Amino acid sequence: MKREAVVSFVLAVLFLVSVFPLSTFSGAADSHGSPGLLGSQSTVDPTDWWPMFHHDLTHNGYSTSNAPNTNQTLWNYTTGSDVDCSPAVAGGIVYVDSDDQNVYALNATTGTLIWNYTTGGIVFSSPAVAGGIVYVGSWDGNVYALNATTGAQVWNYATGNRVWSSPAVAGGVVYVGSDNGKIYALNATTGAQVWNYATGSVVYSSPAVAGGVVYVGSGNDKVYALNATTGAQVWNYATGNSVISSPAVAGDVLYVGSMDGKVYALNATTGAQVWNYTTGNSVLCSPAVAGDVVYVGSWDNKVYALNATTGTFIWNYTTGGIVFSSPAVAGGIVYVGSDDSKIYALNATTGAQVWNYATGDYVVSSPAVAEGIVYVGSYDGKIYAFGVHDVAVTNVTPSKTVVGQGFSASINVTVANQGGYTEAFNVTAYANVTAIQTETLTLTSQSSATLTFTWDTTGFTMGNYTLSAYAEPIPSEANMPNNNFTLVDILQVTIPGDINGSGIVDFFNAAKLSAAFNATPKSPNWNPNADINSDGVVDIYDAIILAGHFNQH
């Protein structure tokens, strides 16, 4: 008799809702209030690649990537001679060249050779990657454009003398210097010359581009600012010796070193000096700028940290040899090479050594950092990759925002391996502080997966619950905050049938169930809260559950 009454009620409700439009109830239903969707959202930043010398067109040498806090190598690759250049990293590929006259493309995760291209001379210039093309200079006097995927030559441009300078690509134009004393602007698609500017001496420096201006140093003791479109001189500044260093531009200030032993800060618009700092010997490397600190190496064997605004000394670290390598900054660590054959990782705030790694020869290569991996070359002919261990929970998504007490809700947890190694680890989902379920999974480097946890709310009191997921830290993992992802008060446990979370099962809930009747997750009228028993369809069984709790508070 009771079952017949319940079925009769449900059928009556469905009939009424079919007769009256849902809008009849919508205003009143809203008057009960709804807990809404609360909590945080997770966004995944685009990969911070390192596509050219010193990271980007401003040559700041700073990456937002995670970075390794140990000297464990992920892989190394042996070329046929010294590796002087700074690697470029883009699209999961490392581009690097060697004194063996080759440009190499290597898998960024494994170090496997993808292709190599042979030029007619030593390749000291660091590659630049833009628009699917790799641009690089060679001591055979040419600037080359190579297909980034295949290594096939697209074009070459003959400068007539050795090219040490690393190209910068901006607005469809390649900017690069040559030993013939000129700075060239070349069409990035065809290689045709747009303009050239003669400084009067060799140009080892790699151009930086910012605000429509090209900044570059020259062997005639000057720093130049040139109009990027026309090549017309905007200003020049004379130092006390050759400028081999590549400028770095941060805001309205340009930072550059000189063989006179000084680091200069110049107004990027006018060329006026803001400050200078004297080291103990020539400064040939390019400064890195991160926050309000300038990091730079000197031939006095030291790495310096200076206040970017005032030039005030903050700290220095003494290596065992000349520092020609340009520092790279990521994850609160400064990475730099030295002629003592070592790669150093220094605390960016204090200058304390975090780790070092001994290669087989000088390290003049400037490190590149991308996707948690540091890449750097050595005169021992190798390119080294140092990887970080880092797993993270990037998102938590419940299948519904309201669940009836004693019924289940699915919780989707997205997990990522943001480090350089394949990792096996545990992930646990929580409702408030109670563990719901633990899963073990294995992820390869830079991959992600979504796990589905089932939360049976039997025995849980009614109320709003915070959902979270935690990836158990792996050995040597330093970046722990991203192991946890939390959504505050995101899911309400309530009376079965209380679809809108108002605290009462009434006619408005019946209206919502009716509006979603026969719906599945692919239906336009799908309402996951109306799928009370979580079987993937809103049907008579859900209506029976609602009817069984009708008028309950």
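The values are calculated or read from the model by the stated rules, or taken from the named source; none is laboratory data. On a predicted model such as this, the values are computed, not experimentally measured, just so you know. Here the Cβ is made from the backbone with ideal geometry for all residues, glycine too, and neighbour counts use every protein chain on show.
Restricting ALA198, ALA188 to residues that are under 20 Å from TRP49 (Cβ atoms) and in contact with a strand residue (DSSP E or B) (Cβ under 8 Å, 6 or more places away or on another chain) narrows the list to ALA188. Is it the case that GLY212 is under 26 Å from VAL303 (Cα atoms), in the same structural domain as THR318 (by TED's automatic domain parsing), at pLDDT 95 or above and not basic (Lys, Arg)? In short, no. Residue selection: GLY219 fails the criterion of being more than 32 Å from the chain's Cα centre (by Cα), assigned by TED's automatic domain parsing to the domain that holds ALA158, on the phi < 0 side of the Ramachandran plot and without any contact (Cβ under 8 Å) to a residue 24 or more places away in the chain.
Kindly indicate the residue of segment 100-124 that is small (Gly, Ala, Ser) and touching a residue at least 60 places away in the same chain (Cβ under 8 Å) and also nearest to PHE53 (Cα to Cα) among those meeting that condition. Write out each step before concluding.
From segment 100-124, those small (Gly, Ala, Ser) are 105, 108, 111, 120-121; that's our starting set.
If we keep only those that are touching a residue at least 60 places away in the same chain (Cβ under 8 Å) too, we end up with 108, 111.
Numbers: ALA108: 17, GLY111: 20 Å.
Going through the qualifying residues, I end up with ALA108.
Of the strands (runs of 3 or more DSSP E) that lie entirely inside segment 390-483, those containing 2 or more residues that are buried (at least 16 other Cβ atoms within 10 Å of the Cβ) and without any contact (Cβ under 8 Å) to a residue 60 or more places away in the chain span 408-417, 423-431, 434-443, 448-456.
Within segment 101-128, being touching a Phe, Trp or Tyr at 6+ places or on another chain (Cβ under 6 Å) and not in a loop (DSSP other than H, G, I, E, B) holds for VAL103, ALA105, LEU106, ASN116, ALA128. Counting only strands (runs of 3 or more DSSP E) wholly contained in segment 259-314, the ones carrying 2 or more residues that are under 17 Å from TYR335 (Cα atoms) occupy 288-290, 293-297, 302-307. Identification of strands (runs of 3 or more DSSP E) wholly contained in segment 336-387 with 2 or more residues that are touching a helix residue (DSSP H, G or I) at 6+ places or on another chain (Cβ under 7 Å) yields no element. Scanning segment 517-550 for residues that are in a loop (DSSP other than H, G, I, E, B), β-branched (Val, Ile, Thr) and within 18 Å of THR401 (Cβ to Cβ) yields ILE532, VAL538.
Checked against (1) more than 16 Å from GLY404 (Cα to Cα); (2) crowded, with 23+ Cβ neighbours inside 10 Å; (3) not hydroxyl-bearing (Ser, Thr, Tyr), ASN500 passes all but a single condition, namely (1). Looking at GLU472, GLU477, just one residue is at pLDDT 95 or above and acidic (Asp, Glu), and that residue is GLU472. Residues considered: VAL433, VAL415. Of these, the only one that is among the β-branched types (Val, Ile, Thr) and under 24 Å from THR64 (Cβ atoms) is VAL415.
SER502 passes every criterion in (1) under 30 Å from the mean Cα position of the chain (by Cα); (2) in contact (Cβ under 8 Å) with a residue 40 or more places away in the chain apart from (1). Tell me, yes or no, whether segment 189-203 has at least one residue that is under 30 Å from THR112 (Cβ atoms) and assigned to a strand (DSSP E or B). There is no residue in segment 189-203 that is under 30 Å from THR112 (Cβ atoms) and assigned to a strand (DSSP E or B).
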